[in-house]
Amino acid sequence: ANGWSAKISAVWLVPVAAVLLAGAIAVGTLNRRASVASSPQAPASRTSVAVLSLANLANEPNAAWIPKAVAEMLVSELSAGGALRVLPGETTARMRRDLRLSESATLAPDTLKRIRRYLGSDVVIAGSCLAVGSAGSRHIRLDLTLQNARSGETYPPVIVEGTESNLI
């Protein structure tokens, strides 16, 4: 694994998480491209990213929207600029259903291979969301894990904490 990790208290939870994840993806993409630079291949395409729905650790019905919203916002944030090919949430939801995958913060290498075969994704982002407190002022913790679907490598988690009012 790489020697970095991030735990940040953030004013804007999702944008900060997206920036950290995009940086990690860029580093992984550069490393992958450098390792195959000497082989005669077509120019590298954009890195394909699958953002899976986040596990809801609080299991509180009134906060069930938060992990879903965070995953969708991550898709939007990572798609901005077009440097990454981020798969639509509906596509990843269908894959999860078809492959009968549970909500898990990290995935085993064989599961990553199944996801790669199904979606063609290079990178999978999974994780969990914990929201505690009363509506409107909940404390939120996001634990996001970036995994290389080709190699099965799991990078250190990105951990972002803040309040419900700071989601965006």
(request) Pairs only if they're at least six apart or on different chains, beta carbon under 7 angstrom, first in region 149-160 and at negative phi and touching a residue at least 12 places away in the same chain (Cβ under 8 Å), second open to solvent by less than 20 Å² (accessible area, probe 1.4 Å) and small (Gly, Ala, Ser); list them, first residue then second. (result) ALA149/SER121; TYR155/ALA24; VAL158/ALA6; VAL158/ALA17; ILE159/ALA6; VAL160/ALA10; VAL160/ALA17
(request) Specify the residue that is nearest to GLY89 (Cα to Cα); the eligible residues are those in region 56-74 that are within 17 Å of the chain's Cα centre (by Cα) and surrounded by 19 or more Cβ atoms within 10 Å (Cβ to Cβ). (result) ALA71
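Those residues that are in contact with a Lys or Arg (Cβ under 9 Å, 6 or more places away or on another chain) and modelled with pLDDT of 90 or more, I need them from region 76-94; list them, please. I'd like the intermediate steps shown before the answer.
First, pick out the residues of region 76-94 that are in contact with a Lys or Arg (Cβ under 9 Å, 6 or more places away or on another chain): 79, 82-85, 89.
Within region 76-94, ARG85, GLY89 qualify.
Considering only residues of region 77-86 that are touching a helix residue (DSSP H, G or I) at 6+ places or on another chain (Cβ under 6 Å) and not in a helix (DSSP H, G or I), which is surrounded by the fewest Cβ atoms within 10 Å (Cβ to Cβ)?
The initial filter retains those residues of region 77-86 that are touching a helix residue (DSSP H, G or I) at 6+ places or on another chain (Cβ under 6 Å), namely 77-78, 84, 86.
Now drop any that are not not in a helix (DSSP H, G or I), which leaves 84, 86.
Details: LEU84: 20, VAL86: 25.
Per the stated criteria, the residue is LEU84.
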(message) Anything in region 105-148 that is of a type in the set (Val, Ile, Thr), open to solvent by 10 Å² or more (accessible area, probe 1.4 Å), under 13 Å from ALA50 (Cβ atoms) and over 12 Å from the mean Cα position of the chain (by Cα)? List them, or say none.
(response) THR111
(request) Starting from region 83-95, take each residue that is of a type in the set (D, E, K, R) and list its partners that are surrounded by fewer than 14 Cβ atoms within 10 Å (Cβ to Cβ), counting only C-beta distances under 7 angstrom and pairs at least six apart or across chains. (result) ARG85/ARG46
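Does MET73 satisfy being part of a helix (DSSP H, G or I), modelled with pLDDT under 95 and within 23 Å of ARG46 (Cα to Cα)?
Values: part of a helix (DSSP H, G or I): yes; modelled with pLDDT under 95: yes; within 23 Å of ARG46 (Cα to Cα): yes.
Here the answer is yes, as MET73 does meet what is asked.
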(request) Would you mind finding the one in SER102, SER151, SER165 that is closer than 23 Å to GLU77 by Cβ and open to solvent by 70 Å² or more (accessible area, probe 1.4 Å)? (result) SER165
(request) Could you please let me know if THR154 is at pLDDT below 95, under 19 Å from SER48 (Cβ atoms) and among the polar types (S, T, N, Q)? (result) yes
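The values are calculated or read from the model by the stated rules, or taken from the named source; none is laboratory data. As the structure is a computational prediction, the values presented were derived from the model and not from experiment. Because the Cβ atoms are built from the backbone with ideal geometry, glycine has one as well, and the counts that use them run over all protein chains shown. The protein model used for the area step is the full one, side chains on, heavy atoms only, and it has no ligands, DNA or RNA in it. Shrake-Rupley method; radii C 1.70, N 1.55, O 1.52, S 1.80 Å.
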